[in-house]
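Beneath this line is the structure, given in structure tokens, with notes to follow.
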Amino acid sequence: MAISDKTRKILWGRSGNRCAICRHELVLDATPSDDESVVGEECHIVSPKEHGPRSDASLALENLDESANLILLCRVHHKMVDDQRETYTVGVLRALKANYEKWVKSALTQQQAIPPICVRRIKGNIPTHLVRLTSGRALLAIIKGACAFEFDHDELKIQTEVELIGDFLQEAQDYADLSGDFGAGDRVKAAFEMSARLVELEQAGFWIFGGREVRCLEGGIGSPSPFPIAVLHVLRASSPAIIKVDLAGTPEKGPGAPGAQE
């Protein structure tokens, strides 16, 4: 008989693609010029050959190619256990196989127990309102280092408005993505260019409101960490959602943040 494809899959699956002795991976990665290399071997605990390692004439031949009589080893340890058959007896190899496969199952179960990654809102960090942005520096302060974005805008009526608002929000996101690499000169230029965009939007009848919310990234294998969100809303200057404050020097306040819970 021969080892069936099903038995091979069971053996490799329960062994996690590693040698039961040294625990090295048994399929090596491909190189730029060659395919992957398989260095693992399906080894018999009791040999099916008459004078093979640990052979036993009392056992039925049809059972010797089953998973229970096979152990996955690298080529070095396959030769070792067959050459040193007095040391690596049937009992020793069966115990080694059982303990190793138990370890693989336990290791995989622990990985599955890792909590999923999620971003949690923190009630105290949710902005109560958004502030009108009138300078590129103020805008960059909100988008700098943001991990994600919450963009919104009023209903647009014509194609030129679509292009104007779309280009502005895309440019803001691009600057946020690049902000970690900015030098002092880059920041000055970016602030100047975004100030020009804000003027352009105001001339078209739109005001920009922004805020920053720090959420919590948790789960996975690491410790919880801050997850800043840049919030930008584009509203028409006539929008009823704008709350105007009649105080000298106080900028207009935009719509309140959604009432999300922790």
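Descriptive notes on the structure:
- Within the range 8-36, tally of residues that are closer than 11 Å to LEU72 by Cα, in a loop (DSSP other than H, G, I, E, B) and out of contact with any strand residue (DSSP E or B) (no Cβ under 8 Å at 6 or more places or on another chain): 2
- Residue within the range 37-53 that is on the phi > 0 side of the Ramachandran plot, in the same structural domain as TYR100 (by TED's automatic domain parsing) and not hydroxyl-bearing (Ser, Thr, Tyr) present: no
- Positions within the range 187-228 being in a strand (DSSP E or B) and within 20 Å of ASP167 (Cα to Cα), in sequence order: PHE206, TRP207, ILE208, PHE209, GLY210, GLY211
- Close Cβ contacts (under 6 Å, 6 or more residues apart or on different chains) running from residues in the range 171-197 that are outside the structural domain of ILE142 (by TED's automatic domain parsing) to residues that are of a type in the set (Asp, Glu) are absent.
- Selection count, the range 54-69, where residues are on the phi < 0 side of the Ramachandran plot, without any contact (Cβ under 8 Å) to a residue 40 or more places away in the chain and in contact with a Ser or Thr (Cβ under 9 Å, 6 or more places away or on another chain): 2
- Test: ASP186 is exposed (fewer than 14 other Cβ atoms within 10 Å of the Cβ), out of contact with any Gly (no Cβ under 8 Å at 6 or more places or on another chain), under 25 Å from ARG121 (Cβ atoms) and modelled with pLDDT under 95: no
- Matching entry among LEU59, LEU156, LEU140, LEU93 (being out of contact with any Lys or Arg (no Cβ under 6 Å at 6 or more places or on another chain), more than 25 Å from HIS24 (Cα to Cα) and assigned to a helix (DSSP H, G or I)): LEU140
- Just one of the listed residues (ILE117, ILE122, ILE143) is buried (at least 17 other Cβ atoms within 10 Å of the Cβ) and of a type in the set (A, V, I, L, M), and it is ILE143.
- Some residue of the range 70-84 being in contact with a His (Cβ under 8 Å, 6 or more places away or on another chain), assigned to a loop (DSSP other than H, G, I, E, B) and touching a residue at least 40 places away in the same chain (Cβ under 8 Å): no
- Out of ASP152, ASP177, ASP186, ASP167, one residue alone is acidic (Asp, Glu) and closer than 14 Å to VAL231 by Cα. It is ASP152.
- Only one of ALA191, ALA172, ALA138 that is among the hydrophobic types (A, V, I, L, M, F, W, C) and either under 30 Å from the mean Cα position of the chain (by Cα) or surrounded by fewer than 17 Cβ atoms within 10 Å (Cβ to Cβ) (or both): ALA172
- Considering LEU26, LEU64, the condition of being in contact with a Gly (Cβ under 8 Å, 6 or more places away or on another chain), in the same structural domain as ALA95 (by TED's automatic domain parsing) and surrounded by 16 or more Cβ atoms within 10 Å (Cβ to Cβ) is satisfied by LEU26 alone.
- If you go through the range 33-54 and keep only what is more than 17 Å from ILE3 (Cα to Cα), surrounded by 10 or more Cβ atoms within 10 Å (Cβ to Cβ) and hydroxyl-bearing (Ser, Thr, Tyr), you end up with just SER37.
- Some residue of the range 1-8 being modelled with pLDDT under 90, touching a helix residue (DSSP H, G or I) at 6+ places or on another chain (Cβ under 8 Å) and either exposed (fewer than 12 other Cβ atoms within 10 Å of the Cβ) or small (Gly, Ala, Ser) (or both): yes
The values are calculated or read from the model by the stated rules, or taken from the named source; none is laboratory data. Quick caveat, the model's predicted, so the values are computed rather than measured. Positions of Cβ are generated from backbone atoms using ideal geometry, with glycine treated the same way; all protein chains shown enter the neighbour counts.
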